[in-house]
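I have placed the structure first, in the form of C-alpha cells, so that the comments after it can refer back to it.
Please treat every number below as a calculation from the coordinates, not as lab data. Bear in mind that the values here come from a model prediction, so they are computed numbers and not experimental data. Quick reminder, even Gly has a Cβ in these numbers, built from the backbone with ideal geometry, and neighbours come from all protein chains shown.
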Amino acid sequence: MAQPPLPVIDFDLSRLPSDGTFTRPAGAHYTQITSQDQEFVNFLATLSIRVNNDPTRARATRLFRFVGSLPRGYTIWWHLTRGTGKYTKEIFGHPGGPTKYFRGAESFKDHILEMMAANELRNRQVKAGVIHYNGSLALNAIHYHNYRNLMLAGPGYDPNLFWLDPRNLANANGLYTPVDSDVEVRRYIQNNPVIAVPCTCNLPR
Ligand SMILES: [Zn+2]
C-alpha cells in the first residue's frame, strides 16, 4: 500500500544557531551568489532534496523545503577554476578556516545534517533542564502549601485532611506556574546564535 506523503515544512536555515564563521574566499576567481540570485534558490532546492533523501533521515516524519538563506556565517560562491575554465559552486564559512570549503549541495548537506542534529540535541537538553526546574518549583509549592496548612491547624481545622503528598508532584498542579519549555528553547536560541557542531565532514582543500 502506498504511504501517505510526508508533510513538507518550510525551513529557514538562517534561523538555526550556526557554527558559520563568515570567512570568504580570497582572489579574483570568486563571485558571490547572493540570496537574490535564482542560482541561490536553486541551491536551496537541491540542498533540500539532498537532506531529505539522506539515508540517516530514512525514518523521518517530515520533509524540509529550505527557504530564505543559509545558516549564519555561510556564503555560496562561483569559483572559476583556472586551467579547466569551469565554474563550481563552493560554500565558505566552515570553522576549519578560509581554506576549508564545501563543494556543492551534496558536500554541504552532511554538515547541515550535523548542524541540525547538534541543535536538536541542545534543544532537548534545554527542555530537560526546564522539566527539572519545574519539578523543583512543584516540590517547593507542595512544601509551602503543607507549611501554611499546618499553621492553620486549630479547632475545626484538621491539617491532615489537606496535606499533600510531596512524592507526587502532580499534587502541585494549580499551586504554581510551570515554565513553558518551548518558550525557553526559543529564548535560548535567541540568546545563543552560535553552536559548536561536531564535524566529521571530509572537506576538500
Ligand atoms: Zn561537518
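In table form, for the structure just shown:
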read-out	value
Per residue Cα convex hull volume in Å³ - calculated over the chain	184 Å³
The chain, helix-only ellipticity at 222 nm - DSSP H runs n ≥ 4, -39,500 (n - 2.57), divided by all residues, nearest 500	-13000 deg cm²/dmol
Antiparallel DSSP beta bridges within the chain, percent to nearest 5	70 percent
Summed residue charge, Cβ within 11 Å of Trp78's Cβ, Lys/Arg positive, Asp/Glu negative	-1
Amide proton proximity set for Arg65, modelled H, under 5 Å, gap of 5+	Ile9, Asp10, Phe11
Qualifying trypsin sites (Lys or Arg not before Pro) for region 73-171 [loop in DSSP, other Cβ within 10 Å: at most 16]	Arg82, Lys86, Arg167
Loop chymotrypsin sites (Phe, Trp or Tyr not before Pro), region 127-174 (other Cβ atoms within 10 Å of the site Cβ: 15 or fewer; DSSP)	Trp163
Simple label model, 7 Å out from Cα along Cβ direction - Thr34 to Ala58, nm	4.3 nm
Charge dipole magnitude, Cβ of K and R +1, D and E -1 - region 121-191, Cα centre, debye nearest 20	360 debye
J(HN,Hα) series, region 54-64, from Karplus relation 6.51 cos²θ - 1.76 cosθ + 1.60, nearest Hz, glycine and proline x	5, x, 5, 9, 4, 9, 4, 9, 8, 10, 9
Whole-Å distance, taken between Cα centres, linking region 166-205 and region 44-82	25 Å
Ranked Val41, Val185, Val51, criterion: other C-beta atoms within 10 Å, fewest first	Val41, Val185, Val51
Of the chymotrypsin sites (Phe, Trp or Tyr not before Pro) in region 1-76, those whose Cβ has at most 11 other Cβ within 10 Å and which sit in DSSP loop	Phe22
